[in-house]
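Structure first, then comments.
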Amino acid sequence: MTMTRQLHIGLSLTPTWLKSRAADDPDPLPARDPVAFNLALTRMAEQAKLDFVFKPDYLLLHPAAAGSGFVGLDPTLLLTALACQTDRIGLVTTVSTSFNPPFVVARQIQSLHWISRGRVGLNIVTSIEGAKNFGEEPMPPPEVRYRKAAEFTDVMRKLWRSYPHEALTGTTPSAAIEHRGEFFSVKGPLNVPGHPAGPPPLFQAGASDIGRDFASSIADATFAAMPDREAGIELRGDLRRRAQGHGRSPDSVRVLPGLHFFLAETREEAWALHARAHAHLTAEQRRKMVKSVLGLDLGDLAPEARVTAQMLPPLDTPVRSRTHAELLRRFIAANEPTVAEVLARPEVVGSAHWVCVGTVDDVLAEITAWFEAGAIDGVIAIPGGSMESLRLFLEELVPALARRGLFRRDYEGTTLRQHLGIDEEQ
């Protein structure tokens, strides 16, 4: 089967398999050498011809992460090291618009764009935690964070344009931007010229209503949370409509859900990996997570009791993540699941991503079905279970997609914009 439209595939540089690592598992621990560990993953992804690697970021240390092998290197610094030892694969870093000045970020990203020869992308987040590391003020409400993110993005793009590549030859001069807004005052111009590859692509991860509107207005790709195909079809259709409302092509926003996979030679082995990954979570911990995610106290409800839409708390109930809360609310309203089913949901035990468990053929069929149904434009792979699971994805599943005409056999371009097909839109 040959299709004109192909998948975009990235790899998240998060060692999620460590949560299920057995004592005798030979998987490398990133704490021993996080740079070498991430370089090894990136080279594996480049060998598979993936579009990019993606590095999330957190601006605080969760207690559970300490001693788990987690090393929170600054993602932009880490990807700078990786840029010098790779050739083609894109490098997507993450920056919070809530705690960084746009001039500094514009300069850092444009610098890395030069260092990587046009392979950088920027994932823009508003953050939901970490405010206490930047002062005494509490985290602003989502509406304020997204207004600030919109202004931040506008200023950053103005700065990138303020010193165009053509200025190096004297054909186009640099110019101050003289920005005065609600959150930022920036004179400009930037002191790093634009790269000939064009501006870095922008990623965004919000799936709440306000997040969708922001993503559809600025993003070239969205790191979407979608636990099932129907949610994907709805989200992709909504983002495409919103993009048109912002005067953009509906194809300009690529919907790339996180694909949290557990691959093995047999289904039984794959499900054993999945069970092991979540065995550390007790029923009490899961009930606390439901309250954190949704604001719903399940109390002493029996595992077989039904959770109905009437039990849901008000929409304005404070929650850790509005995106995850909305996903779980939709699931409960549509299915009236049991307490046990709610406690097993990805929004509760994981991060609301699409979970695939099985053999290479199983996951290959599911990815193909989602793509053909119009639910996705690609995926950001989130490995689970073991390094062997990741190897099966990169060395067997991705080539199988290529044989079906759903993914490239080799790189055709040298920049991230080319990998994502952005230049063809101009």
Quick check: is even one residue across segment 294-308 assigned to a helix (DSSP H, G or I), open to solvent by 70 Å² or more (accessible area, probe 1.4 Å) and either at pLDDT below 90 or of a type in the set (Val, Ile, Thr) (or both)? no
Six or more apart or on different chains, Cβ under 8 Å: which pairs go from a residue in segment 173-196 that's small (Gly, Ala, Ser) to one that's exposed (fewer than 14 other Cβ atoms within 10 Å of the Cβ)? Could you list them? Ala176/Lys187; Gly188/Ala176; Gly188/Glu178
Of the residues Ala272, Ala243, Ala264, Ala325, which is without any contact (Cβ under 8 Å) to a residue 24 or more places away in the chain and either open to solvent by less than 70 Å² (accessible area, probe 1.4 Å) or closer than 30 Å to Asp213 by Cα (or both)? Ala272
I want to confirm something. Restricting to segment 177-187 and keeping residues that are in contact with a Lys or Arg (Cβ under 7 Å, 6 or more places away or on another chain) and surrounded by 13 or more Cβ atoms within 10 Å (Cβ to Cβ), which single residue is nearest to Ala149 (Cα to Cα)? Phe183
Residues in segment 375-399 that are open to solvent by 10 Å² or more (accessible area, probe 1.4 Å), touching an Asp or Glu at 6+ places or on another chain (Cβ under 9 Å) and at pLDDT 95 or above total 1
Within segment 149-175, how many residues turn out to be open to solvent by less than 50 Å² (accessible area, probe 1.4 Å) and either outside any helix (DSSP H, G or I) or on the phi > 0 side of the Ramachandran plot (or both)? 1
Within segment 329-340, residues being modelled with pLDDT under 90 and closer than 14 Å to Arg286 by Cα number 0
Which of the residues belonging to segment 121-148 are farther than 20 Å from Pro318 by Cβ and among the aliphatic types (A, V, I, L, M)? Leu122, Ile124
What about Leu77, is it over 17 Å from Leu11 (Cα atoms), among the hydrophobic types (A, V, I, L, M, F, W, C), modelled with pLDDT of 90 or more and surrounded by fewer than 14 Cβ atoms within 10 Å (Cβ to Cβ)? yes
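The values are calculated or read from the model by the stated rules, or taken from the named source; none is laboratory data. Just so it is clear, the structure is predicted and the values come from calculations on it, not from any experiment. Heads up, the Cβs are rebuilt from the backbone with ideal geometry, glycines too, and the neighbour counts pull from every protein chain shown. Accessible surface areas use protein heavy atoms only, side chains included; no ligands, DNA or RNA. Shrake-Rupley method; radii C 1.70, N 1.55, O 1.52, S 1.80 Å.
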